[in-house]
Structures are given as C-alpha cells and as structure tokens.
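Q: Here it is, the structure, as structure tokens.
The values are calculated or read from the model by the stated rules, or taken from the named source; none is laboratory data. Quick caveat: nothing in here was measured; it's all calculated off a predicted structure. Note that we place each Cβ from the backbone using ideal geometry, even for glycine, and neighbour counts take in every protein chain shown. Heavy atoms of the whole protein, side chains included, go into the accessibility calculation; ligands, DNA and RNA do not. Shrake-Rupley method; radii C 1.70, N 1.55, O 1.52, S 1.80 Å.
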Amino acid sequence: MANIITRNIPNTITCCNLISGCIAVSYAHAGQQTMALAFIILGAVFDFFDGMSARLLGVSSPIGKELDSLADVVTFGVAPATMVATLLWSMQYPSQMEGLRSWLPYSAFLIAAFSALRLAKFNLDERQTTSFIGLPTPANALFWGSLIVGGGVRLERMEYALPAILALILLSCWILISEIPMFALKFKQWGWRGNEVKYIFLLTCIPLLFFLRISAFAVIIAWYVILSGWVNRKA
C-alpha cells in the first residue's frame, strides 16, 4: 500500500499543476487576470515539486514525464494564451483594424501551440539537462501574465498597443522554439567563478522587483533572454 502511494505522489502533484492551469484558464476567460496569474504561479510551484519528489522518491516514470508535459501545456500554454486573447478582445483598435476584432484575438493561441512544440522538443532534446535551448514555457507564461496584470489597463487604453502585442506574440513563439541557449539557475557550487552570469542576473532583478512590482517579472524575463543571448554570443 505504501509503495502505491509513494509511486503516485509525483503524478498527484502534477495533476495539481494541471488543475491550477484549468482554474487559471477559467479566471482568464472571465477577465480576472490577477487570479489567472496567481494560479499560473501556483501551477509553477507544483511543477517544481513534482519533478523533485519523483527524484527524491526514486519513482520517475515515462507516464509521469508525459503527464507533466500535458499539464504544462495547459498551465503555461493555454492559460497565458487565454489571458492574451481576453486582453485583445478588450483593447482599443486602430480604426483601420477595427474590422479584425472578431477574430484577431484568437491569434493569441499561437502561444499555446508553440508552447506545446517547445515541450515536445524539450522531451526529446538530450542537450537540455543542465541548461535550456529556447525559452522555458513557465518563463514565457510568467512574462505574459505579469505584463497583462501589471500593465493591462494601460495597454487597453493605448490605441496603437495592438500591433506591439501582436508582434510580441510572434516573437515569444519564435523564442520558445529557438536554438538560443538559455542558462539555468542551478548552482553546482556557490562561488563567483563559473556563476558570474547567474549572480549578475539575480542581483539586477532585485531593484526591478522593488520599483516595478508585478510588471517587473515581464522585464526580468526579457532581461533573461537578452542576457542569455549575450552570453551565447560571447561564447
């Protein structure tokens, strides 16, 4: 009995991630963006602990890996895409684009599709054991969630914010499946040498969080992508 419970602990946590994502989708569809972001973040917490628990308990399994990806598609793909779609429905449109209002918001679900592609690539890519190639889906979800919660009201009132959001959708989709190496915040040792980029990133995040509050996470994710690209160019 104990073995059955132990084997199912990681999958239970993964299902909590999936449920959090479903709740986030519901809140996003209702226009309650802050709650949607809260459940995306909660899903990310479950996503962190399901893998950790599987390793600690020694019960990693192929079904757990597949279930984890399915849960991540909902929480970090469909949920942020629904937030963006809701924003696009409520934004001011330039007069020449007003006729596109009825269907243009559905372009946000490209985020969900490319998140699924990203997760499928991650499952098959043996290069991504200690770092990432392309932007991880939780980071992309956090970018969109914090951008909308922190600046959604201003974005709705800015007539020409629409083209910028559409361009960001396409850019984020490309970054998800790009070949840009992204550093992981994993420390094998705590010294400065070998961890310079990680410490620089973490130290610059502190003032951003202090001054920008929730919007800071969108800036932090953008800074993470830029810094990863810069490090890769130097290498």
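Q: Surrounded by 15 or more Cβ atoms within 10 Å (Cβ to Cβ) and either more than 19 Å from Asp72 (Cβ to Cβ) or among the hydrophobic types (A, V, I, L, M, F, W, C) (or both), is that true of Leu212? Give the derivation first.
A: On the way: surrounded by 15 or more Cβ atoms within 10 Å (Cβ to Cβ): yes; either more than 19 Å from Asp72 (Cβ to Cβ) or among the hydrophobic types (A, V, I, L, M, F, W, C) (or both): yes.
In short, yes.
Q: Shifting gears a bit: Hey, could you check the stretch 98-139 for residues that are open to solvent by 80 Å² or more (accessible area, probe 1.4 Å) and not charged (D, E, K, R) and say which is farthest from the chain's Cα centre (by Cα)?
A: Ser102
Q: Here's something else I'd like to know. Residues of the stretch 179-200 being out of contact with any Ser or Thr (no Cβ under 9 Å at 6 or more places or on another chain) and touching a residue at least 24 places away in the same chain (Cβ under 8 Å), which ones? Lay out the reasoning, then the answer.
A: Keep residues of the stretch 179-200 that are out of contact with any Ser or Thr (no Cβ under 9 Å at 6 or more places or on another chain), which gives 179, 185, 187, 189-196, 198-200.
Glu179, Ile200 - these are the residues of the stretch 179-200 that are out of contact with any Ser or Thr (no Cβ under 9 Å at 6 or more places or on another chain) and touching a residue at least 24 places away in the same chain (Cβ under 8 Å).
Q: A further question on this structure: From Phe217, Phe201, grab the single residue that is in contact with a Phe, Trp or Tyr (Cβ under 9 Å, 6 or more places away or on another chain), open to solvent by 60 Å² or more (accessible area, probe 1.4 Å), closer than 30 Å to Ala120 by Cβ and modelled with pLDDT of 90 or more.
A: On the way: Phe201 fails: open to solvent by 60 Å² or more (accessible area, probe 1.4 Å).
From the options Phe217, Phe201, the qualifying one is Phe217.
Q: Taking only pairs six or more apart or across chains, which ones have beta-carbon atoms under 7 Å, a first residue in the stretch 47-61 that is under 16 Å from Ala71 (Cβ atoms) and outside any helix (DSSP H, G or I), and a second residue that is open to solvent by less than 30 Å² (accessible area, probe 1.4 Å) and modelled with pLDDT under 85?
A: Ser60/Ala54
Q: Which members of the stretch 183-197 meet the condition of being closer than 17 Å to Leu135 by Cβ and open to solvent by less than 100 Å² (accessible area, probe 1.4 Å)?
A: Here is the first cut: in the stretch 183-197, the residues closer than 17 Å to Leu135 by Cβ are 183-186, 197.
Across the stretch 183-197, the qualifying residues are Phe183, Ala184, Leu185, Val197.
Q: I'd like to check something: does the stretch 57-76 contain any residue that is crowded, with 22+ Cβ neighbours inside 10 Å and among the polar types (S, T, N, Q)?
A: Scanning the stretch 57-76, I find at least one residue that is crowded, with 22+ Cβ neighbours inside 10 Å and among the polar types (S, T, N, Q), so the answer is yes.
Q: Let me ask something else. Ile226 passes all but one of (1) open to solvent by less than 40 Å² (accessible area, probe 1.4 Å); (2) under 21 Å from the mean Cα position of the chain (by Cα); which number fails?
A: Ile226 satisfies all of (1) open to solvent by less than 40 Å² (accessible area, probe 1.4 Å); (2) under 21 Å from the mean Cα position of the chain (by Cα) except (1).
Q: Of (1) out of contact with any Phe, Trp or Tyr (no Cβ under 8 Å at 6 or more places or on another chain); (2) modelled with pLDDT of 90 or more, Thr130 satisfies all except one. Which?
A: (2)
Q: Within the bounds of the stretch 178-193, is there any residue that is modelled with pLDDT under 90 and part of a helix (DSSP H, G or I)?
A: Checked against the condition, which is being modelled with pLDDT under 90 and part of a helix (DSSP H, G or I), the stretch 178-193 yields no hits at all.
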